[in-house]
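Since the structure comes first, as structure tokens, the remarks are kept for the end.
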Amino acid sequence: MDNTLSLVPILVLLLMTNEVLSLKCYQCNSTLDHNCQEYFNHNNPYSPLEAEECTMYDAKYCIKVTGLWGGIVGTHRFCSARDLGDQCQDMRFPDHSRKYRGCIYTCGADGCNGAPASLASLTTLAYTIVSSFLVLALRR
């Protein structure tokens, strides 16, 4: 009986290990779920979106990608085993003069890909505003 009781703490630790080691990310696609916008308040108690446990092998990162898919501007959030970095790129299409900005944001903490306005987004916004003013100033 004593041997059985000494196994209980070990069993509890083993069961908790999976929970501790599992990364939780927001996993959604704005073309399928209107709640998965680029910016959303993940602290809103009425929001149906919650960070979910990553089921893919060796998931270490949460990813948020914004861009254009099939002519629709949207956002995708998912788990990844690879660090995709933080980067943005402007995209132009030959059939019209609009410019689109696609961005990838990578982070490694639970639910980190759902922040409403990350520092990277604010930096991108500041860069865009300054660049726009420079372009306008140079045209004059």
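Within the set of pairs 6+ apart or on separate chains, which have a first residue in the range 101-123 that is assigned to a loop (DSSP other than H, G, I, E, B), a second that is surrounded by fewer than 18 Cβ atoms within 10 Å (Cβ to Cβ) and modelled with pLDDT of 90 or more, and C-beta atoms under 7 Å apart?
Here the result reads GLY108/LYS60, each pair linking the range 101-123 to a residue that is surrounded by fewer than 18 Cβ atoms within 10 Å (Cβ to Cβ) and modelled with pLDDT of 90 or more.
Does the range 1-26 hold any residues that are modelled with pLDDT of 75 or more, out of contact with any His (no Cβ under 9 Å at 6 or more places or on another chain) and in a loop (DSSP other than H, G, I, E, B), and which are they?
Correct list: SER22, LEU23.
Tally up the residues in the range 22-57 that are in contact with a Leu (Cβ under 7 Å, 6 or more places away or on another chain) and surrounded by fewer than 14 Cβ atoms within 10 Å (Cβ to Cβ), please.
Number of matching residues: 1.
Give the residue, chosen from ILE63, ILE72, that is at pLDDT 95 or above and within 19 Å of CYS103 (Cα to Cα).
Going through ILE63, ILE72 in turn, the sole match is ILE63.
From the residues in the range 58-97 that are assigned to a strand (DSSP E or B) and of a type in the set (Phe, Trp, Tyr), which one is surrounded by the most Cβ atoms within 10 Å (Cβ to Cβ)?
Applying the filter and picking the extreme gives TYR61.
The values are calculated or read from the model by the stated rules, or taken from the named source; none is laboratory data. What you see is a predicted model, and the numbers here were worked out from it, not measured in a lab. Here the Cβ is made from the backbone with ideal geometry for all residues, glycine too, and neighbour counts use every protein chain on show.
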